[in-house]
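Asker: Sharing a structure with you now.
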Amino acid sequence: MTDGVMRFGFETGQWMGRRLAVLIGLAALTMLAGCADFDTQGRRGPSSLAVPTIPAEAPRTTGVETPQMAEHLRLVEMFGGEYRWPAAERHLNAILSKLAAASDKPGEAYKVTLLNTPLVNAFALPTGNLYVTRGLLALANDSSEIAAVMAHEIGHVTAGHASQREEHEKQQLLLSKVSNVLQSHERGEQVQALGTASLASFSRQQEFDADQIGVKTIARAGFDPYGASRFLTSLGRSTVLRATLFGQRPSERGDVMSSHPSTPERIARAISVARQIGAPGIGEAGREDYLSAIDGIEFGDNPTEGVIRGRQFSHPRLGFAITAPDGFVLENTSQAVLGIARGGAEAMRLDSVSVSGDTPLEAYLNSGWIEGLQQASVRTLTVNGLPAATATARSGEWRFRLAALRLGTDVYRIIFATRNLDDETDRRFQTAIESFRRLATEEVPRLRPLHVSLVTASDGDTAETVSARSPLADRPLEYFLMLNGLDRAGPLKSGQRYKLVVE
């Protein structure tokens, strides 16, 4: 997804690599079925960004869209659209003005855009456009930490890392075109995807250089230089927690990320640079101002694109819900809902497609969109009042349980993948398929977004008692500790504010 982008800069390095590895592991599901999006208007399209209809009588603008603006709009669309939170925007822009003045090129102009995605990520364009996700805002704990993130990205800009990569991107584009000519179209697309993935991060040295530049920049701007190491620590804990939820070790990442420096190594180097500046306690941390700026921001999935609560995925606007089998962890993307279990030994994909109402579902299953379909396995049934058809398929060492269900004008496709489709596993998959249902009218209002709320600790409050108030289904205590930069559970400081995920 970095095609033409300067970088995924301050991302959860190992987590992004793990996520990429998981998606590669789900490639068999993707190759079996064409993609269809759950966009914000319920239509299938190229993205999850809602595009309003322009009235015919509206005045027309003139001029040519610049490549820089086109790239900006493409990135915003790719990451769920722009996230508007005025308090955070004002706070980040005030920090950014200080960083710009303290940077190695103080004459450069920078602008930050918030992105509406729960992914923890930040990156920059050579133009000086910086991008920070709301997921990253929730992870940071003070002004010096978010300053370190933006200064790291400014470091990539001022060090000219983008121009050093531009030639590599041009070469990769040429390679992909040659691959499409010399090989099959499908193989060419695979080569292009792998080549793009290989550009997902800067070199190890470039990352270290940007970290060092960032630490020095925030110190010159008056911020605590140790903010960088604190954020990197939270970043590493986020990586571990997410990997644990998916049943994987944090070290399990694809080869495309092998050149990315590990978080502990970056933390050690960031602390070393900060110590050269001064002892801990120097500079402004700005905890209270930062927490006030992010109080109330959304956390996790945007309900307009579907909500994950434990093993259940609900889409209030499209009006359906499904519960994955025991052990599955779900992730919502603009193209599909993906799930994995047993460290990737089992996988799930849910998407939708337009199928003529005149086409029987069993005929659709046999229409060729699934490779290796076992035609004798096709069965028709009714699932919670909805017409449905199921079948099995085989591709290499993988076995698949498939389903197509018609809801309104759409057909929803469910694919479960496993290497061993025994009777028990098939029963679990079939039970999940039969959980697909219409949402009741009274359920929709209850599917509200989660938010980051500030709570003030009272005497006797502990991390355990406060985190128990959160509706998070998986590991609420671990999330509380991670989001607040706490090393261990136990008593909280009376009178101090903490972040808590609430409805």
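The values are calculated or read from the model by the stated rules, or taken from the named source; none is laboratory data. Source: prediction; values computed, not measured. Every residue, glycine as well, gets a Cβ built from its backbone with ideal geometry; the counts of neighbours run over all protein chains shown.
Asker: If a residue has to be within 20 Å of residue 299 (Cβ to Cβ) and part of a helix (DSSP H, G or I) to count, how many in region 78-95 make the cut?
Answerer: Initial filter on region 78-95 (within 20 Å of residue 299 (Cβ to Cβ)): 79-89, 91-92.
Now narrow it down to the ones that are part of a helix (DSSP H, G or I): 86-89, 91-92.
Residues that pass the stated criteria total 6.
Asker: Does region 274-294 include one or more residues that are polar (S, T, N, Q) and surrounded by 19 or more Cβ atoms within 10 Å (Cβ to Cβ)? Break it down stepwise before answering.
Answerer: Of region 274-294, the ones polar (S, T, N, Q) are 276, 292.
With the extra rule that they be surrounded by 19 or more Cβ atoms within 10 Å (Cβ to Cβ), the set shrinks to none.
Checked region 274-294: no residue is polar (S, T, N, Q) and surrounded by 19 or more Cβ atoms within 10 Å (Cβ to Cβ).
Yes/no matrix, rows are residues, columns are (1) touching a strand residue (DSSP E or B) at 6+ places or on another chain (Cβ under 8 Å); (2) farther than 20 Å from residue 308 by Cα:
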residue: 451; (1), (2): yes, no
residue: 455; (1), (2): yes, yes
residue: 464; (1), (2): no, yes
residue: 467; (1), (2): yes, no
residue: 481; (1), (2): no, yes
residue: 485; (1), (2): no, yes
residue: 492; (1), (2): yes, yes
residue: 495; (1), (2): yes, yes
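Asker: Please find, among 151, 122, 109, 162, the residue that is assigned by TED's automatic domain parsing to the domain that holds residue 223 and at pLDDT 95 or above.
Answerer: Details: 122 fails: at pLDDT 95 or above; 109 fails: at pLDDT 95 or above; 162 fails: at pLDDT 95 or above.
Only one candidate passes the filter, namely 151.
Asker: Check 474, 461 and return the single one that is surrounded by 11 or more Cβ atoms within 10 Å (Cβ to Cβ) and in contact with a Gly (Cβ under 9 Å, 6 or more places away or on another chain).
Answerer: When all the criteria are applied, what remains is 474.
Asker: Quick one: residue 479 ticks every box in (1) outside any strand (DSSP E or B); (2) out of contact with any Leu (no Cβ under 6 Å at 6 or more places or on another chain) except a single one, so which number is it?
Answerer: (2)
Asker: Return the only residue of 488, 497 being farther than 19 Å from residue 239 by Cα and of a type in the set (Lys, Arg).
Answerer: On inspection, the qualifying residue turns out to be 497.
Asker: Next question, about the same structure. Would you pick out the residues in region 452-476 that are modelled with pLDDT of 95 or more, in a helix (DSSP H, G or I) and over 23 Å from residue 227 (Cα atoms)?
Answerer: Selection gives 464, 465, 466, 467.
Asker: Can you pull out every residue in region 447-458 that is surrounded by 14 or more Cβ atoms within 10 Å (Cβ to Cβ) and free of Cβ contacts under 8 Å to residues at least 60 places away in the same chain?
Answerer: 455, 457
Asker: Okay, next question. Quick test of your reading of the structure: residue 291 fulfils all but one of (1) over 29 Å from residue 90 (Cα atoms); (2) out of contact with any helix residue (DSSP H, G or I) (no Cβ under 7 Å at 6 or more places or on another chain); (3) modelled with pLDDT of 85 or more. Name the failing condition by number.
Answerer: Going through (1) over 29 Å from residue 90 (Cα atoms); (2) out of contact with any helix residue (DSSP H, G or I) (no Cβ under 7 Å at 6 or more places or on another chain); (3) modelled with pLDDT of 85 or more one by one, residue 291 breaks only (1).
Asker: Does residue 301 satisfy the criteria of being touching a Pro at 6+ places or on another chain (Cβ under 7 Å), touching a residue at least 60 places away in the same chain (Cβ under 8 Å) and either charged (D, E, K, R) or buried (at least 20 other Cβ atoms within 10 Å of the Cβ) (or both)?
Answerer: yes
Asker: In addition: Can you confirm whether residue 330 is without any contact (Cβ under 8 Å) to a residue 24 or more places away in the chain and closer than 21 Å to residue 139 by Cβ? Spell out the reasoning first.
Answerer: Details: without any contact (Cβ under 8 Å) to a residue 24 or more places away in the chain: yes; closer than 21 Å to residue 139 by Cβ: yes.
Yes: the conditions hold for residue 330.
Each row is one residue, and each column tells you yes or no for (1) over 17 Å from the mean Cα position of the chain (by Cα); (2) surrounded by 24 or more Cβ atoms within 10 Å (Cβ to Cβ); (3) at positive phi.
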{"residue": "109", "(1), (2), (3)": "yes, no, no"}
{"residue": "116", "(1), (2), (3)": "no, no, no"}
{"residue": "121", "(1), (2), (3)": "no, no, no"}
{"residue": "125", "(1), (2), (3)": "yes, no, no"}
{"residue": "128", "(1), (2), (3)": "yes, no, yes"}
{"residue": "132", "(1), (2), (3)": "no, yes, no"}
{"residue": "145", "(1), (2), (3)": "yes, yes, no"}
{"residue": "151", "(1), (2), (3)": "yes, yes, no"}
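Here's the yes/no breakdown for (1) assigned by TED's automatic domain parsing to the domain that holds residue 84; (2) part of a strand (DSSP E or B):
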position: 267; (1), (2): yes, no
position: 271; (1), (2): yes, no
position: 292; (1), (2): yes, no
position: 308; (1), (2): no, yes
position: 326; (1), (2): no, no
position: 330; (1), (2): no, yes
